[in-house]
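Asks: Before I ask anything, here is the structure I am working with.
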Amino acid sequence: MINSQNIHDGAPIRRRSGRQRRKQLAGLLFIAPALILVATFFVIPLGMAFWMSLHNWPLLGRPRFIGFGNYIRLTQDAQFWSSMRFTVYYTVIVTIAIFAVAFPLALFAEKAHRFTKFYRTAFFLPVVVGFGSASLLWAWLLDVDSGLFSPAAEYLGLMTTRINLLADFDTTFWSIIIMVVWKTAGFNMIILLTGLQGISTEVQEAARIDGASSLQRFRRITLPLMRRTIALALILSVSGSMLAFDQFYIIADGGPQNRTVTAVYWIFSQSFGSFRLGYGAALSMVLLVILVFISVVQLRLLRNPEGM
Amino acid sequence: MKLLKIVALAATALGALSTSAFSQEKLTMWSRSSSEAFMPALIDAFNASHKTQIELQIVPSAEMVQKYATAAAGGSAPDFVSLDLVYGPAFAKSGTLEDLTDVAKSLPYFEHLSKAHIGTGTFEGRIYAMPMSADASVLLWNKKLFKQAGLDPEKAPTNWAEIEEAAGKVNALGGDIRGFYFSGACGGCNAFTFMPLIWASGGDILVDGGKRATLDSPQMYDAINFYRDMVAKGYVPESAKTDSGKNFFGGFATDKIGLSPIGAFAIGNLVKNYPTVDFGVTFIPGKTGGKASFGGGDNFVVTAGRDNAPAAKEFLEFVYSLEGQTLLAKLGSLPTRDDVAAEAVKSLDQRYQVATEALKLGRTPSSPVYNDIINSSTGPWKQMLNEVFFDDDVKGSVTKAQTAMQSILDDTD
Amino acid sequence: MSARRSASARHLFASLRYNGLGIIAAFLFLAPLAWSVLVSFKPSVEARQPPLPPWPVGGFSVQSYENLAKYGAGIWTYTGNSLTVALATVVASVVVSLLAGYGFSRFHFPFKNVLFVLIISTVMIPFQSILTPLFLILTKLGLQNTLTGIVLVYVTLQLPFSIFMMRNAFDAVPKEIEDAARVDGASIFAVLYRIMLPLVLPGVVTVAIFAFLASWNEFLAALILLTDQNKYTLPVLMAAVRSGQFGTIDWGAVQSGVTLMMAPCLVLFLGLQRYYIRGLTAGAVK
């Protein structure tokens, strides 16, 4: 994905004339604002987060160094581990669901019909709506008294009484899965579409003439050739889902009974609800290590197609 | 050199100018959204008659504590806050609050101020928070629905069996009318409305000076079964299961709920915003009678280190004046100064008298970790109630919550 | 039946099936958006009822918008905050990434590749995990609870994508164009501004759209970093509106807010779709 070999300037690097040095300096000056921002708002906070995680650090009052106390404590934090398990479960299910919808959409949107462009735009529109707005919208659709789904089901005679979809874990969970698929399928469709369009039509055509069925062609040609694109969409979906917060906070309040409290939600609640900043930082560190690990594994798969 | 001096002088002058300009700016004050019926009117009245000016901001109740603590840590806290009285100990402990002991003691009627408020506002012998507004939990019933259901609209239920019976009759009216409402996914709301059921029956939640949790008491199981029964019989709307307090009296306000335990703040809001709802107010009873109430409301606190004590005193004197107390009472807060309370609520209807009486019975659990154990949306109290009201493993949920709550209390240093 | 006619019938059938499926799918994706917009134009009382039918029965009304407008410091304050934050993020992101993209594409300096990878790899680290120290740093800088502070955070979050985009954009411009201008004696900035900027404009537009959408819609950082109600951005305000005024939820007001938040995003996307999709696929094809 990242092409770091990028030498356009023809001048040999070794020659250090005055002009050359001035040019080096100019280059550094050009990237200086970006570096300052990344250092101030990313690198330093990252170091601080680790430092804080070694403290009992209340939001108000004085921090106290406690070594790895927070890390020991989090091994016994039942809610954190159940949040972690839930987050992973959600990530797996939602990623499968997104692909199950996005792939057919991409195949559909690849065809050259008169209205294809309209359909593509329609599928994509929910993507540009923010997660916050989308969550508020679905919080309403899911409301038992004023919403759409439950009253409509009753109206159509599918249910005898109105059921509060957010009162039960499974209905809450699947409602949010549907909402997230609705919101992000278009995004993944576009990514997959670029992969599909990269496959030459001659290859497909040759396979067709050789008598391969469309399913065979999809499995033997389309999928393998799209490995990199799929891996990219996978990485984006997995890391996004592991950090899910807005939809669970706004739609479900982590309910029913804290069962949809995600990892980020629990960190938020510990840091800014209970004001344990040090403990929240320790939780963040664990989440961060897990995420970087997942990203690295996925990047490996991306670089080395044989591994997939 | 000379130029430098001039610049320095000018800078100092400018600095002095800007600080003096700053001190004439409005003082900022935050108040939570449940006090919206009376705080804006009170501040307007104060501003109209005083040189000191206060600018009020309403903060969503659920975010109040997080916002205030975050702002205080960031140095951008408002000057004054009308803070839910249960948070007094936590904020006083952290050093956020100005010591108001001298201001308090200088008031000639100090002895007459609400004891529940001063109690939670005192930390290590010093007073950090003063009564702002008072709320007491009471039971509301809808007179119109009572009449339709063939019940005496003027007769209030006095024990759990009567509540359940009345709820059943109202519920039988059908349609989208339901007998009873409570916010089933809200820790704070149910501290306010569910704890009194236990108190009135002789039980308690926190004992030994707030050091020990007693969730697994027989009174607790009785109260749980009382609610479970009504839920099982369909007297409670589906929406209650997931109401995290956002719709605390939304059902009652739409004239579709027979009975609901709420508070005096709600009386003000209902009268002001839903004038067509005809309701009665009574005490929250125990299993076989008796009565109890949660003494709630807000304390007035001052952010430390800003030299705002004189302005605070000016404001408090207005709040505790007959004019201030009458205004508060009229719009839904209960009087916080008992020697003028009778006078302040004199002109109001009998419903406020009930609430004023309830406040006298009011109890307030006090703990620096109140938020973690009771109010927090991820805390043990909320989780337990939601499970026991709507799920099946009552015993397991209570035991789990008891353990969790005790471990938080033990963890406090 | 002639072969030709059956072929055309088959074609017609395929087309019908294609468009049938397309319309159903498009409906599923568009309906929630339309439902929200429609309910926002119902009178308050009707908005409390289930949206069946979805359109206002009791006549078109802007009551929900009026209720929303009255909230807190007034909806215009919050819309203004959101616009200020989004536009400032756009401008700052464009300037910073334009410079950095140019620097990375056209200059040599020590640790160039290391620095580039460093900036890009921040994308792997969730900003949620550094929110607390961010809060403390902003406090130290006196930027906590300021729109400036939140803009700086948003710009930083956008940097990996923006710089990646802009470097690629500069890479695609042939070196000769620039050299010719240099020979004429123009300064580096003049070259960048007059010659290069028009050539990388599509990249700039992509960066700008992404910066706008991200900052306009961001919720968690704004929720924590902005404490003063007068500084709330729309997503934070709407969460507050949703949390119920007077202990009741006004769904009409909530959905009118959702409509207000969605509108610029949809308009921007529909108007500049080409650039948006290009930006999205830039990462995928590389």
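The values are calculated or read from the model by the stated rules, or taken from the named source; none is laboratory data. Note that the structure is a prediction, hence the values are computed from the model and not measured. Cβ sites come from the backbone with ideal geometry, for glycine too, and all protein chains shown count toward neighbours.
Asks: Can you spot a residue in the stretch B:276-297 that is over 16 Å from the mean Cα position of the chain (by Cα), closer than 24 Å to A:Asp253 by Cβ, among the charged types (D, E, K, R) and surrounded by fewer than 23 Cβ atoms within 10 Å (Cβ to Cβ)?
Replies: Scanning the stretch B:276-297 turns up no residue that is over 16 Å from the mean Cα position of the chain (by Cα), closer than 24 Å to A:Asp253 by Cβ, among the charged types (D, E, K, R) and surrounded by fewer than 23 Cβ atoms within 10 Å (Cβ to Cβ).
Asks: Considering only helices (runs of 4 or more DSSP H) fully contained in the stretch A:193-277, which possess at least 3 residues that are touching a Gly at 6+ places or on another chain (Cβ under 8 Å)?
Replies: Counting at least 3 such residues, we get A:227-242, A:263-272.
Asks: Condition check: more than 7 Å from every other protein chain (Cβ to nearest Cβ) and buried (at least 23 other Cβ atoms within 10 Å of the Cβ). Does C:Thr233 satisfy that?
Replies: Judged against the criteria, C:Thr233 is a match.
Asks: Hey, A:Ile294 hits all of (1) surrounded by 18 or more Cβ atoms within 10 Å (Cβ to Cβ); (2) at the interface with chain C (Cβ under 10 Å from one of its Cβ atoms) but one; which does it fall short on?
Replies: (1)
Asks: Hey, could you check the stretch A:265-296 for residues that are free of Cβ contacts under 8 Å to residues at least 40 places away in the same chain and among the β-branched types (Val, Ile, Thr) and say which is nearest to A:Gly61 (Cα to Cα)?
Replies: Across the stretch A:265-296, the extreme among qualifying residues is A:Ile267.
Asks: So which of B:Leu113, B:Leu145, B:Leu85 ends up being in contact (Cβ under 8 Å) with a residue 40 or more places away in the chain, touching a helix residue (DSSP H, G or I) at 6+ places or on another chain (Cβ under 8 Å) and outside the structural domain of B:Asp338 (by TED's automatic domain parsing)?
Replies: The unique qualifying residue is B:Leu145.
Asks: Additional query: Among (1) touching a residue at least 60 places away in the same chain (Cβ under 8 Å); (2) away from chain A (no Cβ under 12 Å), which single condition is C:Gly257 missing?
Replies: All conditions pass for C:Gly257, except number (2).
Asks: Sticking with this structure for a sec: Just for the stretch A:90-124: of the residues that are within 14 Å of the chain's Cα centre (by Cα) and without any contact (Cβ under 8 Å) to a residue 40 or more places away in the chain, which one is nearest to C:Ser15 (Cα to Cα)?
Replies: Checking each candidate, the answer is A:Ile96.
Asks: Mind telling me which of the residues B:Ala62, B:Ala71, B:Ala104 ends up being part of a helix (DSSP H, G or I), away from every other protein chain (no Cβ under 14 Å) and not β-branched (Val, Ile, Thr)?
Replies: On inspection, the qualifying residue turns out to be B:Ala104.
Asks: Return the only residue of A:Arg85, A:Arg62, A:Arg14 being more than 7 Å from chain C (Cβ to nearest Cβ), in a helix (DSSP H, G or I) and either over 30 Å from A:Arg228 (Cβ atoms) or modelled with pLDDT of 90 or more (or both).
Replies: Within the list A:Arg85, A:Arg62, A:Arg14, the selection yields A:Arg85.
Asks: Evaluate the following for B:Asp410: is it surrounded by fewer than 23 Cβ atoms within 10 Å (Cβ to Cβ), in a loop (DSSP other than H, G, I, E, B), of a type in the set (D, E, K, R) and without any contact (Cβ under 8 Å) to a residue 60 or more places away in the chain?
Replies: Against the criterion (surrounded by fewer than 23 Cβ atoms within 10 Å (Cβ to Cβ), in a loop (DSSP other than H, G, I, E, B), of a type in the set (D, E, K, R) and without any contact (Cβ under 8 Å) to a residue 60 or more places away in the chain), B:Asp410 does not qualify.
Asks: Restricting the search to the stretch B:304-318, which residues are within 13 Å of B:Asp102 (Cβ to Cβ) and in contact (Cβ under 8 Å) with a residue 60 or more places away in the chain?
Replies: B:Ala309, B:Ala312, B:Lys313, B:Leu316
Asks: With respect to B:Ala41, is the statement that it is at pLDDT 85 or above and either among the hydroxyl-bearing types (Ser, Thr, Tyr) or farther than 30 Å from A:Trp57 by Cα (or both) true?
Replies: yes
Asks: Now for a separate question. In the stretch A:180-190, which residues are touching a residue at least 60 places away in the same chain (Cβ under 8 Å) and within 11 Å of chain C (Cβ to nearest Cβ)?
Replies: Of everything in the stretch A:180-190, those that are touching a residue at least 60 places away in the same chain (Cβ under 8 Å) and within 11 Å of chain C (Cβ to nearest Cβ) turn out to be A:Val181, A:Ala185, A:Gly186, A:Phe187, A:Asn188, A:Met189, A:Ile190.
Asks: Restricting to the stretch A:121-179, name every residue that is among the polar types (S, T, N, Q), facing another protein chain (nearest Cβ under 7 Å) and closer than 22 Å to C:Pro53 by Cβ.
Replies: Of everything in the stretch A:121-179, just one residue is among the polar types (S, T, N, Q), facing another protein chain (nearest Cβ under 7 Å) and closer than 22 Å to C:Pro53 by Cβ, namely A:Ser146.
Results for (1) assigned by TED's automatic domain parsing to the domain that holds C:Ser93; (2) touching a Ser or Thr at 6+ places or on another chain (Cβ under 9 Å), shown as yes or no for each residue.
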| site | (1), (2) |
| --- | --- |
| C:Glu178 | yes, no |
| C:Ser187 | yes, no |
| C:Leu197 | yes, no |
| C:Glu218 | yes, yes |
| C:Asp228 | yes, yes |
| C:Thr233 | yes, yes |
| C:Asp250 | no, yes |
| C:Thr259 | no, yes |
| C:Leu272 | no, yes |
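Asks: Is there a residue in the stretch B:34-45 that is outside any helix (DSSP H, G or I) and more than 7 Å from every other protein chain (Cβ to nearest Cβ)?
Replies: The answer is yes; a qualifying residue exists.
Asks: Quick one: which strands (runs of 3 or more DSSP E) lie wholly within the stretch B:220-325 and hold at least 2 residues that are of a type outside the set (A, V, I, L, M, F, W, C), within 14 Å of another protein chain (Cβ to nearest Cβ) and in contact with a strand residue (DSSP E or B) (Cβ under 8 Å, 6 or more places away or on another chain)?
Replies: Result: B:257-263.
Asks: What number of residues within the stretch A:150-166 are part of a helix (DSSP H, G or I) and either touching a strand residue (DSSP E or B) at 6+ places or on another chain (Cβ under 6 Å) or free of Cβ contacts under 8 Å to residues at least 24 places away in the same chain (or both)?
Replies: 7
Asks: Within the set of pairs 6 or more residues apart or between chains, which connect a residue that is within 24 Å of B:Asp255 (Cα to Cα) inside the stretch C:45-69 to a residue that is among the hydroxyl-bearing types (Ser, Thr, Tyr) and assigned to a helix (DSSP H, G or I) with Cβ atoms less than 7 Å apart?
Replies: C:Ala47/C:Ser64; C:Leu52/A:Tyr155; C:Gln63/C:Ser44; C:Ser64/C:Ser44; C:Ser64/C:Ser256; C:Asn67/C:Ser44; C:Leu68/C:Ser256
Asks: Which of the following residues is farther than 25 Å from A:Asp143 by Cβ and in a helix (DSSP H, G or I): C:Leu12, C:Leu38?
Replies: C:Leu12
Asks: Here is a further query. Do the conditions hold for B:Val354, that is, is it in contact (Cβ under 8 Å) with a residue 12 or more places away in the chain, over 25 Å from B:Thr242 (Cα atoms) and more than 10 Å from chain A (Cβ to nearest Cβ)?
Replies: Yes.
Asks: Do any helices (runs of 4 or more DSSP H) entirely within the stretch C:184-286 hold 2 or more residues that are more than 25 Å from B:Val65 (Cβ to Cβ) and within 18 Å of the chain's Cα centre (by Cα), and if so, which?
Replies: Once the helices (runs of 4 or more DSSP H) in the stretch C:184-286 are filtered for at least 2 residues that are more than 25 Å from B:Val65 (Cβ to Cβ) and within 18 Å of the chain's Cα centre (by Cα), what remains is C:197-217, C:251-285.
Asks: Might you let me know whether the stretch B:390-405 holds any residue that is assigned by TED's automatic domain parsing to the domain that holds B:Met220, charged (D, E, K, R) and touching a residue at least 12 places away in the same chain (Cβ under 8 Å)?
Replies: Yes, that holds for at least one residue.
Asks: Then there's this: How many residues does the stretch C:201-220 contain that are more than 11 Å from chain A (Cβ to nearest Cβ) and in contact with a helix residue (DSSP H, G or I) (Cβ under 8 Å, 6 or more places away or on another chain)?
Replies: 8
Asks: What's the total number of residues in the stretch B:365-385 that are more than 8 Å from chain A (Cβ to nearest Cβ), closer than 21 Å to B:Glu124 by Cα and not in a loop (DSSP other than H, G, I, E, B)?
Replies: 1
Asks: Additional query: Would it be correct to say that C:Val45 is within 24 Å of A:Leu125 (Cβ to Cβ) and assigned to a helix (DSSP H, G or I)?
Replies: Against the criterion (within 24 Å of A:Leu125 (Cβ to Cβ) and assigned to a helix (DSSP H, G or I)), C:Val45 does not qualify.
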